[in-house]
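The values are calculated or read from the model by the stated rules, or taken from the named source; none is laboratory data. For clarity, every value in this text was computed on a predicted model and none was experimentally measured. Cβ atoms come from the backbone with ideal geometry, glycine included; neighbour counts cover every protein chain shown. The area values use the complete protein model at the heavy-atom level, side chains included, leaving out ligands, DNA and RNA. Shrake-Rupley method; radii C 1.70, N 1.55, O 1.52, S 1.80 Å.
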Amino acid sequence: SGRNGKIMTFKICMIEDDSDLANLIKEHLVRYDFEVLICEDFKNIDKFVEEHSPNLILLDINIPYYDGFYWCGEIRKITKVPIIFMSARTEDYDQVRAIMSGGDDYVTKPFSHELLLAKVNSQLRRAYGEYAGNETATDCGDCSFNKLRFTLKCGDNQIDLPKNEAILIGILFDSYPNVVSREKILSEIWDSDMFVEENTLNVTVSRVRKKLKDMGSNLQVITVRGMGYKVEYEG
């Protein structure tokens, strides 16, 4: 039945180039019913994360090619799941940089297994457990959207959405059945200091429409002239 009586095994991706340490940590976490995947290809960490859709990421700072700060920024383009940095660097500056680049917590090596486990559990509770309530998934019509994993589910079909489409779906689902203005959507998806062509939003909307249709959903994204968009459900 998995942890806490829930039928959910949390999946952790570990990005750590010291393979002895990585395997020690994995061995410990597996005892607590976690599924742990260790990254081997440090050139394509974003692909590794995208392929495995973890619930949490453990990320070392000193890794080959690019450092953990860089990869944290790249991972944040794909997913909002908790990221815990693991590093021998003890400077405040590094911890601040870790948080600024999108990290959720920081553990200094060498650390005890107990401390790491406590931090992992704390982040998972915050993201998925009793503190998170139902904030992780939004149901609308015949679909369910997971805000942390950017996945859209309809019946037996589930797809991963790119960030822009995920944000659009999130806003429309949260506001259902009301209309959301184009301005609100644009400001949520793109930083206001970026110049956005009107057409960019149109393209994002039409991609979302196509995906809903391909999944066999009865939800439709309706254009409300002069106002914005809303979702309608015919079911």
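Taking the Cα centre of segment 8-69 as origin, sum charge times position over the Cβ atoms of Lys and Arg (+1) and Asp and Glu (-1), and report the length of that vector in debye to the nearest 20. Write out the running numbers ahead of the final one.
Working: 5 positive and 14 negative charges, 41 e Å.
Here segment 8-69 has a charge dipole of around 200 debye.
Would you grab the residues whose amide H sits under 5 Å from the one on V36? Only those 5+ places off in sequence or on another chain, please, with H modelled 1.01 Å from N.
I12
Mind jotting down a quarter of the surface of the convex hull over the alpha carbons of segment 10-97, in square nanometres, one decimal? Present the calculation step by step, with values, prior to reporting the outcome.
On the way: hull surface 21.9 nm².
Over all viewing directions, segment 10-97 projects a mean Cα-hull area of 5.5 nm².
Between D33 and L115, what is the spin-label point distance in nm, taking each point 7 Å from the Cα along the Cα→C-beta axis?
Label at D33, label at L115, 2.7 nm between them.
Under 20 Å Cα to Cα from K119, which aspartates and glutamates show up? Leave out anything in the same chain fewer than 8 places away.
Partners found: E16, E27, D33, E35, D60, E91, D92, D94, D104, D105, E130.
Work from the charge dipole of the chain (Cβ charges, +1 for Lys and Arg, -1 for Asp and Glu, about the Cα centre) and give the residue of G68, Y128, A22 farthest towards its positive end.
Farthest towards the positive end: Y128.
Please report the antiparallel percentage of DSSP beta bridges with both residues in the chain, rounded to the nearest 5.
Numbers: 20 of 36 bridges.
Just about 55 percent of them are antiparallel.
So with the 1.4 Å probe, I'd like the accessible area per residue for segment 38-195, rounded to whole Å². Could you put the intermediate results ahead of the total?
Numbers: 8020 Å² over 158 residues.
Accessible area per residue, segment 38-195: 51 Å².
Taking H as built 1.01 Å from N, whose amide H comes closer than 5 Å to the amide H of I63, not counting residues under 5 places away?
G68
How big is the Kirkwood radius of segment 146-235, worked out from every pair of different alpha carbons and given in Å to one decimal? Show your work: numbers first, answer last.
Working: mean 1/r = 0.0744 Å⁻¹.
Here the Kirkwood hydrodynamic radius works out to 13.4 Å.
Would you kindly find the accessible area of V96, with a 1.4 Å probe and non-protein molecules such as ligands, DNA and RNA excluded, rounding to the nearest 10 Å²?
Around 80 Å² of this residue is reachable by solvent.
At 25 °C and 0.890 mPa s, what whole-number value in µm²/s does Stokes-Einstein give for the translational diffusion of the chain, with Rh from the Kirkwood sum over Cα pairs? Walk me through the numbers before you get to the answer.
Numbers: Rh = 19.4 Å.
The calculation lands on 126 µm²/s.
Quick one: pull the percent of accessible area on segment 22-117 belonging to carbon and sulfur, 1.4 Å probe, ligands and nucleic acids left out.
Carbon with sulfur: 51 percent of the solvent-accessible area.
Step through the residues of segment 9-20 one at a time and calculate ³J(HN,Hα) from phi using the Karplus curve (6.51 cos²θ - 1.76 cosθ + 1.60, θ = phi - 60°), rounding each to whole Hz and writing x for Gly and Pro.
9, 6, 9, 10, 9, 10, 10, 8, 7, 7, 5, 5
Which entries of K47/K153; K11/K109; K47/K230; K26/K213 have Cα-Cα distances beyond 30 Å here?
Working: K47/K153 22 Å; K11/K109 22 Å; K47/K230 33 Å; K26/K213 41 Å.
Result: K47/K230; K26/K213 exceed 30 Å.
Heavy atoms of the protein only, probe of 1.4 Å, neighbouring chains included. What is the accessible area of T79 in Å², nearest 10?
Here the accessible area works out near 10 Å².
Show the residues, 5+ positions off or on another chain, whose built amide H is closer than 5 Å to the amide H of N218.
Sorted by chain and number, the residues that satisfy this are D142.
Please name which of V180, N44, F111 has its Cα lying farthest along the dipole of the chain towards the positive end, using unit charges on Cβ (Lys, Arg +1; Asp, Glu -1) and the Cα centre as origin.
V180
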